[in-house]
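First comes the structure, then the notes that go with it.
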Amino acid sequence: SQEEVAKQAIKHALKALKKRHLVEEGAHAPAYIALSRPIISQGSEWKEKAEKLEIELQQCYKAQSRLSEQLVVEVAESRTLKAFLQEKETAMAELEKELTQTRDEYSQLKTDFEEKVRALELVLSECKELKAQLEQLTFRARNAEAENKRLVDLWMLQKMQDAERLNEANALYEDMTERLKASGLEKLAREQVDGIVRRSEEGAEFFVESTVPSVCKDRINAHDGGCASIISIIAGSSSNSLFVWDVNLGRVHHTLTGHTDKVCAVDVSKVSSRHVVSSAYGRTIRVWDLQKGHVDGNLRLWDIQTGKLLSEVSAHSLAITSLSLSRNGNVVLTSGRDNSHNLFDIRSLEVFGTFRATGNKVASNWSRSCISLDDNNIAAGSADGSIYIWSISKADIVSTLKEHTAPILCCTWSAIGKPLASADKNGVVCTWT
């Protein structure tokens with residue numbers, strides 16, 4: 001080691017100094033011998049030389065001492081340098097270790113980067129494909145929009161033609177009525193013309209005003225149990241079936257079966273009168289769950305394509321029993337167990353009309369009120385069997401109908417706006433003119 005090398009160097013220097021001292025002593029031996037001779041004349045000279053040699057010897061000792069001190073300093077510096085070197089070697093080892101770890105991390109990062117690049121290339125490829133598909137769908141959507149516009153134009157033309165046929169039928173009816181009054185064949189002419197009007201009924205609801213009924217035209221024992229929903233006249237019953245009635249003949253035209261529980265609501269599509277939508281206690285149709293109802297009294301607007309809630313407003317203090325949309329779809333009528341009937345603007349969900357009557361008591365959690373197709377009147381049944389009709393513009397009762405002896409569960413104006421139909425808890429259906 002360096003310390004041992006330094007010790008050897010010190011020993012070697014000491015030996016060299018001793019050897020030099022001995023050599024010098026040997027060199028000066030004759031002088032000492034000569035000085036020892038009793039020569040008085042040369043005594044002072046030799047004495048002077050001896051003193052000089054003594055001084056040189058002392059200087060040699062001093063030089064030896066300085067060399068020893070320098071050697072000690074160098075040994076201490078050597079030790080310091082050795083410790084510093086060890087620190088540097090330790091630091092270098094740690095740096096080498098960190099370098100190895102950094103190389104490993106770099107290798108892993110490089111691998112991850114290559115994987116990310118491949119994934120990005122795949123995503124870009126998929127994005128390119130999706131962009132191409134989007135362009136195709138956009139092109140199809142534009143074509144569908146153009147086709148839809150063409151179909152709407154055709155539909156409007158058909159409606160105009162239906163209106164013209166209806167006007168012709170009305171003119172024919174009035175002409176035949178005038179000519180056949182005297183002959184007693186007015187009833188037969190009315191039945192014939194009524195057939196023409198019925199064939200044009202699909203577009204008639206947009207052109208015929210609803211009338212406020214005052215007389216019960218027919219009383220039909222339609223069901224053994226309660227009837228909860230009717231339209232034109234289609235009745236849903238507690239016997240799990242729907243009954244389609246012929247108003248003129250007063251008998252069942254079709255029986256629709258398939259529900260496994262009590263039918264509590266029925267409606268007809270505004271697009272096609274052939275389609276009937278019904279819901280039962282078994283919740284086979286879940287557009288509106290009428291068994292639960294909105295028991296919190298809130299009116300909610302939903303997006304049926306996404307199933308998301310668009311807006312919500314407090315409509316009644318108790319459960320909502322029914323909703324009825326106006327023909328233009330801008331107004332909704334709500335009825336609640338708080339015995340009130342509210343008209344909401346569907347665009348802002350703000351109330352612009354509230355209708356109540358002292359004797360009007362909502363009979364059940366699924367009692368249904370309705371708006372006339374000309375949007376002029378609303379009708380709602382009561383627990384005492386009465387039907388109340390309000391004028392929307394006057395905000396007042398214009399008629400009270402009494403024929404039922406059981407609580408009213410539903411009432412509906414027919415598609416052409418003339419007869420009003422109602423059904424009670426005992427299954428009795430009445431039509432009103």
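The values are calculated or read from the model by the stated rules, or taken from the named source; none is laboratory data. Computed from a predicted structure; not experimentally measured. Positions of Cβ are backbone-derived with ideal geometry, glycine not excepted, and every protein chain shown enters the neighbour counts. Only protein heavy atoms, including side chains, enter the accessible area calculation; ligands, DNA and RNA are left aside. Shrake-Rupley method; radii C 1.70, N 1.55, O 1.52, S 1.80 Å.
So, SER78, is that one closer than 17 Å to LEU14 by Cβ and either in contact with a helix residue (DSSP H, G or I) (Cβ under 7 Å, 6 or more places away or on another chain) or surrounded by 10 or more Cβ atoms within 10 Å (Cβ to Cβ) (or both) or not?
Considered against the rule, which asks whether it is closer than 17 Å to LEU14 by Cβ and either in contact with a helix residue (DSSP H, G or I) (Cβ under 7 Å, 6 or more places away or on another chain) or surrounded by 10 or more Cβ atoms within 10 Å (Cβ to Cβ) (or both), SER78 comes out as no.
Collect the residues in the stretch 324-335 that are crowded, with 17+ Cβ neighbours inside 10 Å and part of a loop (DSSP other than H, G, I, E, B), keeping them in residue-number order.
SER326
Cβ-Cβ under 7 Å, sequence separation 6+ or interchain: first residue in the stretch 317-329 and touching a residue at least 24 places away in the same chain (Cβ under 8 Å), partner of a type in the set (Val, Ile, Thr) and part of a loop (DSSP other than H, G, I, E, B). Which pairs?
ALA319/VAL295; THR321/VAL362
Among the residues of the stretch 78-131, which ones are aromatic (Phe, Trp, Tyr) and farther than 30 Å from ALA6 by Cβ?
TYR106, PHE113 - these are the residues of the stretch 78-131 that are aromatic (Phe, Trp, Tyr) and farther than 30 Å from ALA6 by Cβ.
Which strands (runs of 3 or more DSSP E) sit wholly inside the stretch 336-433 and have at least 1 residues that are touching a Pro at 6+ places or on another chain (Cβ under 7 Å) and crowded, with 23+ Cβ neighbours inside 10 Å?
Fully inside the stretch 336-433 and qualifying: 396-402, 420-424, 428-432.
Residue-wise test of (1) part of a helix (DSSP H, G or I); (2) more than 27 Å from GLU77 (Cα to Cα); (3) open to solvent by less than 100 Å² (accessible area, probe 1.4 Å); (4) at pLDDT 70 or above.
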residue	(1), (2), (3), (4)
ALA6	yes, no, yes, yes
HIS12	yes, no, no, yes
LYS19	yes, yes, no, yes
PRO38	no, yes, no, no
GLN59	yes, no, no, yes
LYS62	yes, no, no, yes
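State the number of residues belonging to the stretch 299-323 that are open to solvent by less than 30 Å² (accessible area, probe 1.4 Å) and not hydrophobic (A, V, I, L, M, F, W, C).
3
Residues are listed down the side, and each one gets a yes or a no for (1) at pLDDT below 70; (2) surrounded by 11 or more Cβ atoms within 10 Å (Cβ to Cβ); (3) within 39 Å of the chain's Cα centre (by Cα):
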residue	(1), (2), (3)
GLU129	no, no, yes
LYS149	no, no, yes
GLU201	yes, yes, no
HIS223	no, yes, no
